[in-house]
Amino acid sequence: MLSQPTREEKHFPKDKILVTKTDLKGRITYANREFLDIVGLSEAQMIGQPHNLIRHPDMPKVVFYYLWEFLQKGVEINAYVKNLCANGAYYWVMANVTPSFDLKGSIIGYHSARRNPEAKALEKVKELYTKLLEAEKSGGLAQSRQLMQKLLEEKGMHYDEFILSL
Ligand SMILES: Cc1cc2nc3c(=O)[nH]c(=O)nc-3n(C[C@H](O)[C@H](O)[C@H](O)COP(=O)(O)O)c2cc1C
């Protein structure tokens, strides 16, 4: 449904938030107008699809590894994500992804609110993701996890703390 990635970058206004909700498996159950507009798909095309539909090949696997690890523990996570549009373009977001609970405390789905990333932070993120991708090319997820772990130890920070410090 989505074209091959191109070098075209899309931007969205600072006052917009791109929202999706998913079920426990990451299948999209809700997408707001702003999200549909930037991706370039209709609601009918989007609902029910797995969220990796818009996965960009430039994204290191380790970011999604952390995302699912946090969410399944019931903890929210912040992540910089490069996403794919239907026409092959891309856009960067700073996503805050949270679990949704029922009244008994069971996780019933997930929610992502994406904002415009700060340019200064994005420069650091691009540098980091290039290194993580290189690690994944040579040694898979195990190697990028190791690299990330080493970096966090050097900084004396947890993953989310580090992301928010960028
Ligand atoms: C609420 C929620 C929002 C997500 N948003 C995105 C997103 O914007 N882009 C993305 O590539 N993956 C997103 N994911 C993660 C995907 O489910 C998936 O783990 C990721 O695309 C990696 O796919 P892969 O393991 O098939 O490579 C989201 C997951 C959840 C639960």
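Structure above, values below:
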read-out: Residues satisfying the stated conditions in the range 47-59, i.e. of a type in the set (A, V, I, L, M) and either near the ligand (Cβ under 6 Å from one of its atoms) or touching a residue at least 24 places away in the same chain (Cβ under 8 Å) (or both); value: 53, 54, 59
read-out: Some residue of the range 87-94 being of a type in the set (Gly, Ala, Ser), near the ligand (Cβ under 9 Å from one of its atoms) and surrounded by 14 or more Cβ atoms within 10 Å (Cβ to Cβ); value: no
read-out: The range 22-44, residues that are acidic (Asp, Glu) and part of a loop (DSSP other than H, G, I, E, B); value: 23
read-out: Checking residue 143 against (1) surrounded by 15 or more Cβ atoms within 10 Å (Cβ to Cβ); (2) under 19 Å from the mean Cα position of the chain (by Cα), the condition it does not meet; value: (2)
read-out: Failed criterion for residue 62 (all others in (1) near the ligand (Cβ under 10 Å from one of its atoms); (2) touching a residue at least 60 places away in the same chain (Cβ under 8 Å); (3) among the hydrophobic types (A, V, I, L, M, F, W, C) hold); value: (1)
read-out: Strands (runs of 3 or more DSSP E) enclosed by the range 53-143 - at least 3 residues per element that are farther than 26 Å from residue 14 by Cα; value: 107-115
read-out: Answer residue from the range 2-29, given it is in contact (Cβ under 8 Å) with a residue 40 or more places away in the chain and of a type in the set (Lys, Arg) and is farthest from residue 101 (Cα to Cα) among those; value: 10
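The numbers here are math on the coordinates, done by the rules we state, and not lab data. Quick caveat: nothing in here was measured; it's all calculated off a predicted structure. As a convention, Cβ positions derive from the backbone with ideal geometry for all residues, glycine included, and neighbour counts pool all protein chains shown.
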